[in-house]
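Visitor: The structure under discussion is supplied below as structure tokens; questions concerning it will follow.
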Amino acid sequence: MQVSNGQRMRGFLIAVALIVASTAIAVAQIDTASIVGTVKDPSGAVVPGARVTVSNVATGESLTATTSDSGDYVFPYLRVGAYSVTVDSPNFKKAVRNGITLDVQIANRSTSR
């Protein structure tokens, strides 16, 4: 049996449609979020080199990062749920922010002073 060019094209378009549909489904299943922020002192100046720890309240899992020269930090790809953020830096009082709730694909911005 010989396949016509029209049948080949239709088969190709169906294959492309299936690939696009499966990619959309895979992207829709991402269940992570991010916490991003900037650490500042009481005067509003950024605090580089501060240690920032995020903790998942339900699992107890925690991650730590150090702020950049501009006081920024990023925790990408966190599981959805409730978190606390703790900031430690020499010569500053420890800061804790509780009650941060992450939803799917949301970047939660947190500024600590």
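Laboratory data are not the source of any read-out in this text; all were calculated from the coordinates shown. All values reported here derive from a predicted model rather than from experimental measurement. No Cβ is skipped: glycine too gets one built from the backbone with ideal geometry, and neighbour counts run over all protein chains shown.
Visitor: By the scheme Lys and Arg +1, Asp and Glu -1, what is the net charge of all other residues having a beta-carbon under 13 Å from that of Ala82?
Guide: Taking every Cβ under 13 Å from that of Ala82, the sum is 0.
Visitor: Within 10 Å, count the other beta carbons around each residue, average over each peptide in 69-76, 55-62, and list them highest first.
Guide: 69-76, 55-62
Visitor: Right, another one. For each of Val85, Val39, Val96, count neighbouring Cβ atoms within 10 Å of the residue's Cβ, then give the residues from fewest to most.
Guide: Fewest-to-most Cβ neighbours within 10 Å comes out as Val96, Val85, Val39.
Visitor: Using the Karplus curve 6.51 cos²θ - 1.76 cosθ + 1.60 with θ = phi - 60°, work out ³J(HN,Hα) for each residue of segment 37-50 in order, rounded to whole Hz, and write x for Gly and Pro.
Guide: x, 9, 9, 10, 7, x, 7, x, 6, 5, 10, x, x, 6
Visitor: Let me ask you something else. If you stretched the chain out fully between Phe92 and Ser68, how much longer would it get, using 0.36 nm times the residue separation minus the C-alpha to C-alpha distance?
Guide: Taking 0.36 nm per residue and subtracting the Cα distance, the gain is 7.0 nm.
Visitor: Taking the Cα atoms of segment 32-112 alone, what are Rg (to one decimal) and Dmax (as a whole number) in Å?
Guide: Answer for segment 32-112, Rg first and Dmax second: 12.0, 36 Å.
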